[in-house]
Structures are given as structure tokens and as C-alpha cells.
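K.L.:
Please read through the structure below; I'll follow up with questions.
Every number in this text was worked out from the coordinates using simple rules, so none of it is lab data. On a predicted model such as this, the values are computed, not experimentally measured, just so you know. Here Cβ is always computed from backbone atoms with ideal geometry, including for glycine, and neighbour counts include all displayed protein chains.
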Amino acid sequence: RIISGLCLAVIVIEATRNSGALYTARHAMEQGREVFALPGQVDSLASEGCHELIRDGVTLARNVDDVLKALGPLPMPTATNAAVTIHSPRELVLNPLESKVLNQISVQPVTIDELLQDPSIETSRVLATLTVLEMRRLIRRLPGNMFVRHD
């Protein structure tokens, strides 16, 4: 989940039917990320996972040009909400949930309970998002399960 959350896209090169790469690909799809799979030999066990992904509708990638063509030019995000302030270039590639959680955190410490108040978002998704934001060095965890924006 974390790996797919950090990426713009996931490319599965080779995967058996029970490969962890398939879990990453499925999480990427749930997170709205682009997923690509390279086809392999039809009789190879190491290609079964990629073939299943392609059958299920992910983008077939034959080479890097296929990936770049599908991703297209990366647009520069524009602020659509006056409440959204971008403090760092790393914030430009956030998904909507990451942006929502990050906008609740400022230079003043915020408790985990404050961040979990929105009943429309599952607790597990908020916690996973906090981990992603921490890994991207956009926020810092303080003692007592409090969070602040990273310096």
C-alpha cells in the first residue's frame, strides 16, 4: 500500500499468480494510480500474474514509450481551493486524501484524534496516509501521537 501510494504508476514486469506485486498493483488501482503490466511467455509461471492483470484491464506495456504515452505530460497542479497552500514541491503529487489530511496539519501540533474526526474516512486509511506523508517528509510525528508539518 505504501509503495503504490508513493508512485504515479506501478509497472509489473513479472509476477506469479500469488506474487506480492499483484497486491501492490491492486492497491495502486484502489488509490487511482495507473497500473501497467508487461506480457510474458504464455507458458511461463512467472508471467501468470501479468497476464491476469492485462486480462483484468490494466494497460499493457511493451516498452517505456507505452508507459510515457499512457501517462502523458504531467500537468502542473493549480490551486482550486483557497484553503490549500503548497509549502513544498513534494506536495504537488498528492492524491485527494493525502491533500485533505495534510491540510489538517500545520506547524502547531495536531493530535491523532483531531485527524480522525471525519467519519467519512476510515481510520485505517487516515493512518496509512499519515505514514505516507511521514515517509515523504511532509509531516513529523511527535511524542503522544501528535503531528506537525515538516520543517
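K.L.:
Of all residues in segment 19-48 being in contact (Cβ under 8 Å) with a residue 24 or more places away in the chain and part of a loop (DSSP other than H, G, I, E, B), which is surrounded by the fewest Cβ atoms within 10 Å (Cβ to Cβ)? Give the steps one after another, and end with the answer.
P.N.:
Start the filter on segment 19-48 by keeping residues that are in contact (Cβ under 8 Å) with a residue 24 or more places away in the chain, which leaves 19, 21-22, 25, 27-29, 31-38, 40, 45-48.
Still in the running and part of a loop (DSSP other than H, G, I, E, B): 19, 31-33, 38, 40.
Numbers: Ser19: 16, Gln31: 18, Gly32: 9, Arg33: 18, Leu38: 19, Gly40: 17.
Checking each candidate, the answer is Gly32.
K.L.:
So, in segment 49-63, exactly how many residues are under 11 Å from Val12 (Cβ atoms), of a type in the set (Gly, Ala, Ser) and either free of Cβ contacts under 8 Å to residues at least 24 places away in the same chain or not in a helix (DSSP H, G or I) (or both)?
P.N.:
1
K.L.:
Could you please find all residues in segment 1-18 being assigned to a helix (DSSP H, G or I) and closer than 17 Å to Pro96 by Cβ? Talk me through it step by step, then tell me what you get.
P.N.:
So in segment 1-18, the residues assigned to a helix (DSSP H, G or I) come out as 2-5.
Residues satisfying the conditions are Ser4, Gly5.
K.L.:
Applying the selection to segment 110-131, what residues are within 14 Å of the chain's Cα centre (by Cα) and of a type in the set (A, V, I, L, M, F, W, C)? Give the derivation first.
P.N.:
First pass over segment 110-131, keeping only residues within 14 Å of the chain's Cα centre (by Cα): 125-131.
Passing the criteria: Val126, Leu127, Ala128, Leu130.
K.L.:
Taking the stated definitions as given, is Glu134 over 16 Å from the mean Cα position of the chain (by Cα), surrounded by 11 or more Cβ atoms within 10 Å (Cβ to Cβ) and acidic (Asp, Glu)? Reasoning before the result, please.
P.N.:
Values: over 16 Å from the mean Cα position of the chain (by Cα): no; surrounded by 11 or more Cβ atoms within 10 Å (Cβ to Cβ): yes; acidic (Asp, Glu): yes.
When the stated conditions are applied, Glu134 does not pass them.
K.L.:
With the requirement that a residue be surrounded by fewer than 18 Cβ atoms within 10 Å (Cβ to Cβ) and over 18 Å from the mean Cα position of the chain (by Cα), what does segment 52-67 give you?
P.N.:
Going residue by residue through segment 52-67, those that are surrounded by fewer than 18 Cβ atoms within 10 Å (Cβ to Cβ) are 52, 55-57, 59-60, 62-67.
Across segment 52-67, the qualifying residues are Glu52, Arg55, Asp56, Gly57, Leu60, Arg62, Asn63, Val64, Asp65, Asp66.
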